[in-house]
Amino acid sequence: DRSPVTAIGLGLMGRALAATFLEAGHPTTVWNRTAGKADDLVARGAVVAPGPAEAVAAAELVVVCVTDNDVLHAVLDPVADQLRGRVVVNLSSGSSDQARANAAWAEKHGFDYLDGAIMAVPAGVGGPQAVFFHAGPEDVYRRHADALAVLGGGTTYLGADHGLAALYDVALLGVMYGLLSSFVQGAALLDTAGVKASEFLPWATAWVDTVKLFATDYAGQIDAGDRAYPANDATMEVNLGAIGHVLHESESQGVNAELPRFLHALMGRTVAGGHGAHSFASMFELFRGADRRA
Ligand code: NDP
């Protein structure tokens, strides 16, 4: 006797979400602009609603996963008053400002709102590694936590600020693209000597483990908020020299050097700003500027 769920949006991700709710035994009602995308789900027991109004009437928990927030509003604005007393969990990607605006919109229409972010691909949904972030009122999350947890082993409540899921999403995407870009750049450097990317891979992944230790120290230094940034491992001056080697080697081997050149410029500004004897964590000053929250 699992609680009913409505899933709106049956794209690549939405279909995976609906299938996972069905698999877990939740009576699932679905709606999608293009009706044919529900066929496979119907075969597994889903009920297709003829429109968004019927879809939101079918369950208290309404999970939406569409292209973006403009689409969310295109679909739900016409039925906003029928959402009263329900909870919309928006798993469409968007900004923190949009998430907070959506929360105000929900409050105006008398329904609850959680903003989510999915750190998984459709094939990973329902698996132990799939991370689903949720942000919004804690009691609303707790009320639906069991149903939401079926989507992934890493389902996590972040806090009351509706903007948090979008912020964690982009912060983690930044880590991913930073790591992947530098991995591919490193593979290009080693390719100049005939080394295969697969030979580089184990060294790169082990090095990430080492870098995790640096980051652990830097997180504490940033959180201390005292701008001391003690150079427990290496000074910013030494780090600037090291990125200079990456830049020089890339240039002299004919490997695209834009990434190390950009990092060299950012790190050079931090040194010029008086942080030459500080740790890499002093780069926080450049990224955060003067706007740091108290
Ligand atoms: P798809 O392009 O596969 O699906 C888009 C969905 O939005 C479809 O259901 C589509 O309906 C619907 N849609 C688009 N425009 C409209 C409209 N004007 N009116 C009504 N419905 C509309 O995207 P995904 O499923 O891959 O992604 C959905 C969200 O999930 C995005 O925000 C994405 O960033 C996020 N996400 C996706 C991940 C992934 O790996 N795919 C990972 C993490 C997050 P129709 O079928 O009729 O076109």
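Only residues that are among the aliphatic types (A, V, I, L, M), surrounded by fewer than 21 Cβ atoms within 10 Å (Cβ to Cβ) and within 13 Å of the ligand (Cβ to nearest atom) were counted in the range 98-124, giving 4.
Conditions (1) assigned by TED's automatic domain parsing to the domain that holds GLU107; (2) surrounded by fewer than 13 Cβ atoms within 10 Å (Cβ to Cβ); (3) free of Cβ contacts under 8 Å to residues at least 12 places away in the same chain, marked per residue:
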site	(1), (2), (3)
GLN129	yes, yes, no
ALA135	yes, no, no
LEU148	yes, no, no
THR205	no, yes, yes
THR216	no, yes, yes
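Of all residues in the range 11-24, at least one satisfies being within 16 Å of the ligand (Cβ to nearest atom), part of a helix (DSSP H, G or I), of a type in the set (S, T, N, Q) and in the same structural domain as VAL125 (by TED's automatic domain parsing). Restricting the first member to the range 38-67 and to residues that are of a type in the set (Lys, Arg), and the second to residues that are away from the ligand (no atom under 12 Å from the Cβ), the beta-carbon pairs closer than 8 Å and six or more apart or on different chains are ARG44/ALA19; ARG44/LEU22; ARG44/GLU23. Taking the residues in the range 25-40 that are of a type outside the set (A, V, I, L, M, F, W, C) and in a helix (DSSP H, G or I) as candidates, determine which candidate is nearest to the ligand (Cβ to nearest atom). Filtering first and then ranking leaves LYS37. Of the candidates GLY45, GLY94, GLY85, the single residue that is near the ligand (Cβ under 10 Å from one of its atoms) and outside any strand (DSSP E or B) is GLY94.
Of everything in the range 55-92 that's of a type in the set (Gly, Ala, Ser) and under 20 Å from VAL5 (Cα atoms), which residue is surrounded by the fewest Cβ atoms within 10 Å (Cβ to Cβ)? So the residue we want is GLY85. Among the residues of the range 57-69, the one identified as in a helix (DSSP H, G or I) and either away from the ligand (no atom under 14 Å from the Cβ) or of a type in the set (Gly, Ala, Ser) (or both) is ALA57. Checked against the criteria, MET236 counts as in contact with a strand residue (DSSP E or B) (Cβ under 7 Å, 6 or more places away or on another chain) and closer than 18 Å to PHE287 by Cα.
The values are calculated or read from the model by the stated rules, or taken from the named source; none is laboratory data. Quantities reported herein were computed from a predicted structural model and do not represent experimental measurements. Here the Cβ is made from the backbone with ideal geometry for all residues, glycine too, and neighbour counts use every protein chain on show.
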